[in-house]
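Asks: My questions will all concern the structure given below.
The values are calculated or read from the model by the stated rules, or taken from the named source; none is laboratory data. Note that the structure is a prediction, hence the values are computed from the model and not measured. Here the Cβ positions follow ideal geometry from the backbone for every residue, glycine too, while neighbour counts run over all protein chains shown.
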Amino acid sequence: MRILGIESSCDETAAAVVEDGVNVLSDVVASQTEIHNRYGGVVPELASRRHMEIIASVTQAALDKAGISSREIDAIAVTHGPGLIGSLLVGLSFAKALAYGWKVPFIGVNHLEGHLLSIFLEVDVSFPYIALLASGGHTSLYLAEDFGKYIHLGSTLDDAAGEAFDKVAKLLSLGYPGGPIIDRLALKGNAAAISFPRANLSVPGFNFSFSGLKTAVVNYVRRLAKEDIANQTADIAASFQEAAVDMLVRACQGAVLQLKVDRLALSGGVAANSRLRSRLKELFSSLGKELYLPKPSLCTDNGAMIAHAGYRRLIKGFTSSWDLNAYACLRL
Ligand code: KG4
Ligand code: ZN
């Protein structure tokens, strides 16, 4: 069974063809970073316009790379939320039109479920597992009990982790998206140079907060002279990253220990962070628990994870009706 997966919830126009749920025949991602870079963040209207311009050619490229024709597609899976509403509507309307024209079923997919299951494109994970989803729009922990059965354990109370990376990069005039830039720059800096605060939340659950850390970086930078900012950029990046990673690692550790779960899988753009990955590897080997890290290209938004999540729903007999809507906010 071949599923075309379409993803357009934010600033990546993506399409992939996945066979039998896991065999990725093609995975095409057209990033819009050059459009949004000068604004230091995604401009929703520009994002949806760009999706409209290129979604057909990105989809055609996915079919071409897979070496198949549209007649060999059995179903279409598409993200219908959460995300930027204009961007979502482009992908959803396009997917509906294709499915109608090709006479194949279509399946609306929750973007968060796409991320959570992205690891299955590489390896089978046994349930239950703890899932850390850390992206530009979300930072949450779930207990994944089965396909389609996810118990929410906690979320950020303010900014998402990726949003904090992006905002700190913007503050330091480093460009967008900030995560990969800070990740690279931090390698040259001293993570112990500045002691930024780690939020220690008293509310119950496995929640996060990144806005205090972001504000601490803003306040620190404001007190510096221009030339000192330039001299200290790598140290600021490394120290900020260490604080953000500390909070994520601490929550992961708390979840696996308190819930007595033997494995954890990472997902979302921030899961590509090299420091987060190495800290978690160290921790999980000392705990004797299993850690699953998708390759970085599967962490950030892509169509293959949407095709996979769609496959899981389709084999349970689930398809969507033509009146399915797009939702900026959609719970898992
Ligand atoms: O999952 P994703 O592609 O889109 C959303 O669903 O939000 O995540 C994008 C986010 C951005 O905030 C980006 O800065 C962050 O993931 N990101 C990273 C890294 N690569 C991407 N954050 C930290 N380190 C990275 N290497
Ligand atoms: Zn995402």
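Asks: Which members of the stretch 180-230 meet the condition of being small (Gly, Ala, Ser) and in a helix (DSSP H, G or I)?
Replies: ALA186, SER211, GLY212, ALA216, ALA230
Asks: Okay, next question. Of (1) small (Gly, Ala, Ser); (2) within 21 Å of the chain's Cα centre (by Cα); (3) under 30 Å from LYS103 (Cβ atoms), ALA56 satisfies all except one. Which?
Replies: Checking ALA56 against (1) small (Gly, Ala, Ser); (2) within 21 Å of the chain's Cα centre (by Cα); (3) under 30 Å from LYS103 (Cβ atoms), the one that fails is (2).
Residues checked against (1) over 27 Å from THR79 (Cα atoms); (2) within 15 Å of ligand 2 (Cβ to nearest atom); (3) polar (S, T, N, Q):
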position	(1), (2), (3)
GLY137	no, yes, no
TYR150	no, no, no
LEU187	yes, no, no
PHE208	no, no, no
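Asks: Now a separate question. In this structure, does SER26 turn out to be away from ligand 2 (no atom under 16 Å from the Cβ) and outside any helix (DSSP H, G or I)? Quick ask: steps written out before the conclusion?
Replies: Working: away from ligand 2 (no atom under 16 Å from the Cβ): yes; outside any helix (DSSP H, G or I): yes.
Spelling it out, SER26 is indeed away from ligand 2 (no atom under 16 Å from the Cβ) and outside any helix (DSSP H, G or I).
Asks: Give the residue, chosen from LEU259, LEU187, LEU213, LEU264, that is within 16 Å of ligand 1 (Cβ to nearest atom), within 30 Å of VAL123 (Cβ to Cβ) and among the aliphatic types (A, V, I, L, M).
Replies: Working: LEU259 fails: within 16 Å of ligand 1 (Cβ to nearest atom); LEU213 fails: within 30 Å of VAL123 (Cβ to Cβ); LEU264 fails: within 16 Å of ligand 1 (Cβ to nearest atom).
The conditions single out LEU187.
Asks: Which condition does VAL249 not pass, out of (1) free of Cβ contacts under 8 Å to residues at least 60 places away in the same chain; (2) within 16 Å of ligand 2 (Cβ to nearest atom), if it passes all the others?
Replies: Of the numbered conditions (1) free of Cβ contacts under 8 Å to residues at least 60 places away in the same chain; (2) within 16 Å of ligand 2 (Cβ to nearest atom), the odd one out for VAL249 is (2).
Asks: Could you check how many residues of the stretch 294-332 are in a loop (DSSP other than H, G, I, E, B), surrounded by fewer than 16 Cβ atoms within 10 Å (Cβ to Cβ) and small (Gly, Ala, Ser)?
Replies: 3
Asks: Name the one entry in ALA164, ALA169 that is within 16 Å of ligand 2 (Cβ to nearest atom) and among the aliphatic types (A, V, I, L, M). Talk me through it step by step, then tell me what you get.
Replies: On the way: ALA169 fails: within 16 Å of ligand 2 (Cβ to nearest atom).
None of the other options fit; the residue is ALA164.
Asks: Kindly indicate which of SER48, SER93, SER57, SER69 is among the hydroxyl-bearing types (Ser, Thr, Tyr), out of contact with any His (no Cβ under 6 Å at 6 or more places or on another chain), free of Cβ contacts under 8 Å to residues at least 24 places away in the same chain and over 24 Å from THR319 (Cβ atoms). Before you say what the answer is, go through the steps one by one.
Replies: Working: SER48 fails: free of Cβ contacts under 8 Å to residues at least 24 places away in the same chain; SER93 fails: over 24 Å from THR319 (Cβ atoms); SER69 fails: over 24 Å from THR319 (Cβ atoms).
Matching residue, one of SER48, SER93, SER57, SER69: SER57.
Asks: Further question on the same structure: Being farther than 26 Å from ARG331 by Cβ and away from ligand 1 (no atom under 15 Å from the Cβ) narrows it down to one residue among THR59, THR33; which is it?
Replies: Checking each option against the conditions leaves just THR59.
Asks: Hey, could you check the stretch 121-135 for residues that are under 26 Å from MET247 (Cα atoms) and crowded, with 20+ Cβ neighbours inside 10 Å and say which is nearest to ligand 2 (Cβ to nearest atom)?
Replies: This residue is SER135.
Asks: Counting just the residues of the stretch 289-323 that are among the charged types (D, E, K, R) and touching a residue at least 12 places away in the same chain (Cβ under 8 Å), which one comes out nearest to ligand 2 (Cβ to nearest atom)?
Replies: The initial filter retains those residues of the stretch 289-323 that are among the charged types (D, E, K, R), namely 289-290, 295, 301, 312-313, 316, 323.
Subsequent filtering for residues that are touching a residue at least 12 places away in the same chain (Cβ under 8 Å) retains 289-290, 295, 301, 312-313, 316.
Values: LYS289: 25, GLU290: 24, LYS295: 15, ASP301: 4, ARG312: 17, ARG313: 18, LYS316: 23 Å.
My answer is ASP301.
Asks: Only one residue in VAL270, VAL249, VAL245, VAL261 is of a type in the set (Val, Ile, Thr), surrounded by fewer than 21 Cβ atoms within 10 Å (Cβ to Cβ), in a helix (DSSP H, G or I) and at pLDDT 95 or above. Which one? Break it down stepwise before answering.
Replies: Working: VAL270 fails: surrounded by fewer than 21 Cβ atoms within 10 Å (Cβ to Cβ); VAL245 fails: surrounded by fewer than 21 Cβ atoms within 10 Å (Cβ to Cβ); VAL261 fails: in a helix (DSSP H, G or I).
Selected residue: VAL249, the only one of VAL270, VAL249, VAL245, VAL261 that is of a type in the set (Val, Ile, Thr), surrounded by fewer than 21 Cβ atoms within 10 Å (Cβ to Cβ), in a helix (DSSP H, G or I) and at pLDDT 95 or above.
Asks: Out of everything in the stretch 252-288 that is within 16 Å of ligand 2 (Cβ to nearest atom) and of a type in the set (S, T, N, Q), what residue ends up being nearest to the chain's Cα centre (by Cα)?
Replies: Once the filter is applied, the top-ranked residue is SER267.
Asks: I'd like to know if the stretch 84-96 contains one or more residues that are surrounded by fewer than 21 Cβ atoms within 10 Å (Cβ to Cβ) and within 16 Å of ligand 2 (Cβ to nearest atom).
Replies: Scanning the stretch 84-96 turns up at least one residue that is surrounded by fewer than 21 Cβ atoms within 10 Å (Cβ to Cβ) and within 16 Å of ligand 2 (Cβ to nearest atom).
Asks: Checking the structure you have, find out if any residue of the stretch 29-46 is under 23 Å from TYR292 (Cβ atoms) and surrounded by 17 or more Cβ atoms within 10 Å (Cβ to Cβ). Lay out the reasoning, then the answer.
Replies: Residues of the stretch 29-46 that are under 23 Å from TYR292 (Cβ atoms), as a first pass: 29.
From the residues that got through so far, the ones that are surrounded by 17 or more Cβ atoms within 10 Å (Cβ to Cβ) too are 29.
Yes, that holds for at least one residue.
Asks: Out of all the residues in the stretch 119-164, which are more than 12 Å from ligand 1 (Cβ to nearest atom), in a loop (DSSP other than H, G, I, E, B) and closer than 13 Å to PHE210 by Cβ?
Replies: Listed by number, the residues that qualify are LEU157, ASP158.
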